[in-house]
Amino acid sequence: MEIAALVAAAIAVALMFILVFKTVRIVPQARARNIERFGRYRKTLEPGMNFIIPFVDRLKPLIDLREQVVAFKGQPVITEDNLVVLIDTVLFFQITDPRAADYEIVNYIQAIEQITVTMLRSVIGSMDLEQTLTSRDKINNMLRGVLDEASGKWGIRVTRVEIKAIEPPKSVVDAMEKQMRAEREKRAAILTAEGVRQSKILTAEGEKQSSILRAEGDKQSQILRAEGQAQAIGTVFQAVHRNDADPKVLAYQYLQTLPQLAQAQGSTFWVIPSEVTTALKTLSGAFSGDSASPPAVPQARPGEVTGAAAPALAAADGPPPPGPGANGDLAKAEQAVAEEAARTREEVAQVEQEVAAVQRQVAEAERTTPR
């Protein structure tokens, strides 16, 4: 009897333990479970401790209420310009109604995938490849709106839809790479041409400024050189007339000029005028202390040249016709002096022409110089 009592007690404890285990159900946080009583929906268990009637209520599998992520494989889609592209999508959704998600649809993941593929083909079919590659945000918003509306009756809220990858055909990818390479080469060529253009412009500006400065320098140099020569000639002329040079000094200078006349090119003979003997007498009288009076130097009137320079200037204006007793060599010498004077006039005229040309260049440079 005692053994039977112990067995009965053990059986009763086991039955109570099984009854408690079947009665109490603990649901984790962010989870939910539907209960069916005699095959009919009874209620949805909330997170925490819940009590049910064992052997009467049947528990359905746990439903996750957290936001879930599902990635769909690439689906072939035809664009408006008849190109087949593969599009991978990522879907973010959350179950808001466990009862509708359990009883309104058999497999909501598969249903969402099929709706996504259908909408992708509808949206991409109205776009060409270029728009498809550059309109991801537009496609995402359109898909999200349609999926959220379709899955609302299933107790599912679509929070976000993202296009993960768009893979055009390999031939199209090669063509796009060539186009991109051509665009970059075009931009590089344009930039190179712009650089060359700017370089040439700056070089031309520099050469222009250099030419202007060089012309200005030549102008100032010639002006200063001419002014110096004019001042030197004026100083000598004023010194000679102010100091009233003695005839002895003039005779000495005349003698010093004779060797220079002999050294001139083409001088096969040289003529000694009659004034040389007078100059020699004056010079010898100066060194010997002779009191003989020097030959009187006639006073020159304004515009008249006297002395040894008179024959040369007279010859420059034009040699007079030789008299009946004129020496032939003297006539040749006077003709040579006249030719030398003519060459001097030509050189002076040439220098004046060069100065005028430089002045024109400077004026042109000043006119073209930007203000």
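The values are calculated or read from the model by the stated rules, or taken from the named source; none is laboratory data. Please read these numbers as outputs of a predicted model, since none were measured by experiment. Cβ placement follows ideal geometry from the backbone for every residue including glycine, while neighbour counts extend to all protein chains displayed.
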>> Out of the residues in segment 151-167 meeting the condition of being of a type in the set (G, A, S) and buried (at least 17 other Cβ atoms within 10 Å of the Cβ), tell me which one is modelled with the highest pLDDT.
In response: G155
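Each row is one residue, and each column tells you yes or no for (1) under 60 Å from the mean Cα position of the chain (by Cα); (2) outside the structural domain of G125 (by TED's automatic domain parsing); (3) at pLDDT 90 or above.
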| residue | (1), (2), (3) |
| --- | --- |
| P54 | no, yes, no |
| L59 | no, yes, no |
| F72 | yes, no, no |
| V84 | yes, no, no |
| F93 | yes, no, yes |
| V106 | no, no, no |
| Q110 | yes, no, no |
> Pick from I163, I223, I190, I139: which is touching a Lys or Arg at 6+ places or on another chain (Cβ under 6 Å) and either of a type outside the set (G, A, S) or closer than 30 Å to S122 by Cβ (or both)?
Replying inline: I163
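Within the group A32, A14, which residue is of a type in the set (G, A, S), farther than 30 Å from M127 by Cβ and exposed (fewer than 12 other Cβ atoms within 10 Å of the Cβ)?
After applying the criteria, what remains is A14.
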> helices (runs of 4 or more DSSP H) wholly in segment 73-156 with at least 1 residues that are more than 20 Å from M176 (Cβ to Cβ) - which ones?
Replying inline: 98-103, 108-124, 136-151
>> Can you tell me which residue is farthest from A363 (Cα to Cα) among those in segment 185-218 that are touching a residue at least 40 places away in the same chain (Cβ under 8 Å) and of a type in the set (D, E)?
In response: D218
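With respect to T44, determine if the residue is assigned to a strand (DSSP E or B), touching a residue at least 40 places away in the same chain (Cβ under 8 Å) and outside the structural domain of N140 (by TED's automatic domain parsing). Break it down into steps so the answer makes sense when it comes.
Numbers: assigned to a strand (DSSP E or B): yes; touching a residue at least 40 places away in the same chain (Cβ under 8 Å): yes; outside the structural domain of N140 (by TED's automatic domain parsing): yes.
Judged against the criteria, T44 is a match.
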>> Whether any residue in segment 181-193 is assigned to a helix (DSSP H, G or I) and either in the same structural domain as T79 (by TED's automatic domain parsing) or in contact with a Pro (Cβ under 6 Å, 6 or more places away or on another chain) (or both) is what I want to check.
In response: no
>> Just to verify a result, which residue in segment 218-232, among those that are small (G, A, S) and exposed (fewer than 11 other Cβ atoms within 10 Å of the Cβ), is farthest from the chain's Cα centre (by Cα)?
In response: A232
